[in-house]
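J.: Here it is, the structure in full.
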Amino acid sequence: MKQFQLYGLGNALVDIFVEVSEEEFASLGFERGSMRLVEAPEQKELLARLQRHEPRLVSGGSVANSTIAFSQLGGKAAFCGCVGDDRYGLFYKSEFDHLGVNIANPVVVGETTGTVACLITPDAERTMRTCLAVSSHLAERHVDEARLRASEWLFIEGYVFANPQTGQGAIRRAIQLAKQHGVKIAITCSEAFVVQVFGEAFFEALAQTDLLFCNASEACAVTGAESAEEAFARLADKVPSAVVTDGANGVYIRHQGTIAHVPAFSCVPVDLTGAGDMLAGAFLYGITHGIAPDVAGRAGCYLAHKVITQVGARLHEGARLYWNELLG
């Protein structure tokens, strides 16, 4: 039995959640539902403007959220990402310590922690402004061989491909070590633009991957298909296992001989952040703990629907309770 079942590799970001009125959102001039990268000065100005709302801080990042979900369900996990020694970075590390996730890198002295300003409008849509800051410094030297070797799965965040100078080196090194030590590899696409803009590095990694997580638009970007169902079928030629989410239409799963379509649980969403992250974390937990892939997918859908009926990218309590509720 290995020390960890999961080693996550991704951007370490503090999510800063603010619920804003339609009037205030309009005054910002942002495109609704957009996610844009911004530099530190612009982010600082936006956060200062939002302080009167008493924003809620949550340690995050896509694969970080999945890793936390995995840990909340009872799995043993480690995470590799970079934070600074400012208030956000110290908050991040303390929350991971509290959650029992082994954080592989200490804080980087004198650097600014990456933040995501998540503006939630009354229609439950999220509009995000992301400042990667030191999280984008994640590089080959940060990949910890001892922790990775001691893990069953490596889980790579697609957004890390968007940093050719350092992030892609970290991914190549992690995959090389995983192959060397018999660690299985999973990748989450993160967004369709990762495939469209950084396709060469992405497909190089995909060729060595055991399991791919993606939503409908990402799956179409990977395969050139027109629908989630068609993309899911085409992925059989590209990767041994795949999980393709299709919003309210549920999720397509192919893993270890199981091929299934799992329907979504109907709900009224409050905030669509983090559904895919939760599903990935729950699915990985299931398959590393003897749960059949279709059942793990159904449990993942159940937890994902719990996430989107609240504000924030993950559940702060009750994850294991909901898991047990579904599995009986």
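J.: Is region 199-263 best put as rounded, prolate or oblate by its Cα gyration tensor, with a ≥ b ≥ c the root eigenvalues, rounded for a/c under 1.5, and otherwise prolate when a/b is larger than b/c, oblate when not? Before the final figure, lay out the partial values.
T.: Working: a/c = 2.05, a/b = 1.30, b/c = 1.58.
In terms of gyration-tensor shape, oblate.
J.: Here's a follow-up. May I ask for the distance between the Cα centers of region 248-295 and region 203-243, given as a whole number of Å?
T.: First find each Cα centre; the distance between them is then 16 Å.
J.: Enter the Cα centre distance for the pair region 91-133 and region 1-28, rounded to the nearest angstrom.
T.: Cα centroid of region 91-133 versus Cα centroid of region 1-28: 6 Å apart.
J.: Taking the Cα centre of the chain as the origin, how large is its charge dipole in debye, to the nearest 20, when only Lys and Arg (+1) and Asp and Glu (-1) carry charge on their Cβ atoms? Before the final figure, lay out the partial values.
T.: On the way: 26 positive and 37 negative charges, 205 e Å.
Its charge dipole is roughly 980 debye.
J.: What per residue convex hull volume, in Å³, do the alpha-carbon atoms of region 21-141 yield?
T.: Values: hull volume 14.5 nm³, N = 121.
Taking the convex hull of the Cα positions in region 21-141, it is 120 Å³ per residue.
J.: What is the antiparallel percent of DSSP beta bridges lying wholly in the chain, to the nearest 5? Present the calculation step by step, with values, prior to reporting the outcome.
T.: On the way: 20 of 55 bridges.
DSSP beta bridges in the chain are roughly 35 percent antiparallel.
J.: In addition: Sort M278, M128, M35, M1 so the one with the fewest other Cβ atoms within 10 Å of its own Cβ comes first. Write out the running numbers ahead of the final one.
T.: On the way: M278 29, M128 18, M35 14, M1 5.
Going from least to most buried by this count: M1, M35, M128, M278.
J.: May I pose another question? Let me know the shape class of region 59-117, please: from the alpha-carbon gyration tensor, a ≥ b ≥ c as square roots of the eigenvalues, rounded when a/c is under 1.5, otherwise prolate if a/b is greater than b/c, or oblate. Could you put the intermediate results ahead of the total?
T.: Details: a/c = 2.21, a/b = 1.75, b/c = 1.26.
Since a/c reaches 1.5 and a/b is larger than b/c, the shape of region 59-117 is classed as prolate.
J.: Next question. To the nearest 0.05, what FRET efficiency results for E226 and R172 with a Förster distance of 30 Å applied to their C-beta separation? Before the final figure, lay out the partial values.
T.: On the way: r = 32 Å, r/R0 = 1.07.
Once the sixth-power term is evaluated, E becomes 0.40.
J.: Which cysteines does the chain leave without a neighbouring Cys Cβ under 4.7 Å?
T.: C80, C82, C118, C131, C220, C267, C301
J.: Show the residues, 5+ positions off or on another chain, whose built amide H is closer than 5 Å to the amide H of L37.
T.: Distant-sequence amide H within range of L37: T130.
J.: Within a Cβ distance under 14 Å of Q168, other residues only, what is the Lys/Arg minus Asp/Glu net charge? Display every interim value, and only then the final one.
T.: Details: positive: R141, R172, R173; negative: E140, E157, E200, E204.
Within the 14 Å Cβ shell, the charges total -1.
J.: Where in region 134-233 are there GluC sites (Glu not before Pro) that are in a DSSP coil and have at most 12 other Cβ atoms within 10 angstrom of their Cβ? Kindly include the intermediate steps, with their values, before the conclusion.
T.: Numbers: sites: E140, E145, E152, E157, E191, E200, E204, E218, E226, E229, E230; in loops: E191, E226.
Qualifying residues, ordered by number: E226.
J.: Please report, in Å, the Rg and the Dmax of region 83-226, where both are computed over Cα atoms only.
T.: Cα-based Rg and Dmax for region 83-226 come out at 16.3, 49 Å.
J.: Run the simple label-point estimate for D123 and N324 please: 7 Å along Cα→C-beta, distance reported in nm.
T.: It works out to 4.0 nm between the two label points.
J.: Sticking with this structure for a sec: Please quote Rg/Rh for the chain to two decimal places, taking the Kirkwood radius as Rh and restricting both calculations to Cα atoms. Display every interim value, and only then the final one.
T.: Numbers: Rg = 18.4 Å, Rh = 19.6 Å.
For the chain, the value is 0.94.
J.: Tell me which aspartates and glutamates have Cα within less than 13 Å of K2's Cα, excluding those fewer than 8 residues away on the same chain?
T.: E152
J.: Rounded, prolate or oblate: which fits region 1-73, taking a ≥ b ≥ c as square roots of the Cα gyration tensor eigenvalues, rounded meaning a/c under 1.5, else prolate when a/b beats b/c?
T.: Details: a/c = 2.75, a/b = 2.41, b/c = 1.14.
It is prolate, given that a/c is not under 1.5 and a/b is the larger ratio.
J.: Restricting the count to DSSP beta bridges whose residues both fall in region 161-276, what percent are antiparallel, rounded to a multiple of 5? It would help to have the intermediate numbers written out before the result.
T.: Numbers: 9 of 17 bridges.
Antiparallel bridges: around 55 percent, rounded to the nearest 5.
J.: Using the beta-carbon distance between V197 and S21 and R0 = 51 Å, what value does 1/(1 + (r/R0)^6) give for FRET efficiency, to the nearest 0.05? Intermediate values should be presented prior to the final figure.
T.: On the way: r = 34 Å, r/R0 = 0.68.
Approximately 0.90, to the nearest 0.05.
J.: What's the exposure ranking of C118, C301, going from fewest to most Cβ atoms within 10 Å? Kindly include the intermediate steps, with their values, before the conclusion.
T.: Details: C118 26, C301 23.
Exposure proxy ranking, most exposed first: C301, C118.
J.: In region 184-328, how does Rg compare with the Kirkwood Rh, expressed as the Rg/Rh ratio over alpha carbon atoms? Before the final figure, lay out the partial values.
T.: On the way: Rg = 14.6 Å, Rh = 15.3 Å.
With Rg and the Kirkwood Rh in hand, the quotient comes to 0.96.
J.: Straight-line reach from K238: which lysines have Cα under 21 Å away, leaving out those fewer than 8 places along the same chain?
T.: K238 reaches K179, K184.
J.: Moving on. Would you kindly derive the ³J(HN,Hα) couplings of region 38-55 from the backbone phi angles with the Karplus curve 6.51 cos²θ - 1.76 cosθ + 1.60 (θ = phi - 60°), listing them in order in whole Hz, with x for Gly and Pro?
T.: With the stated coefficients, region 38-55 comes to 10, 7, 4, x, 5, 5, 4, 5, 5, 5, 4, 5, 8, 4, 5, 7, 6, x Hz.
J.: Further question on the same structure: Tell me the Kirkwood radius of region 150-246: reciprocal of the mean inverse pair distance over distinct alpha-carbon atoms, in Å.
T.: Numbers: mean 1/r = 0.0754 Å⁻¹.
Mean inverse Cα-Cα distance, inverted, gives 13.3 Å.
Readers should treat all values here as calculations from the given coordinates under stated rules, not as data from a laboratory. This structure is a prediction, so every number in the text was calculated from the model and none was measured. With ideal geometry, Cβ positions are generated from the backbone for all residues, glycine too; neighbour counts draw on all protein chains shown.
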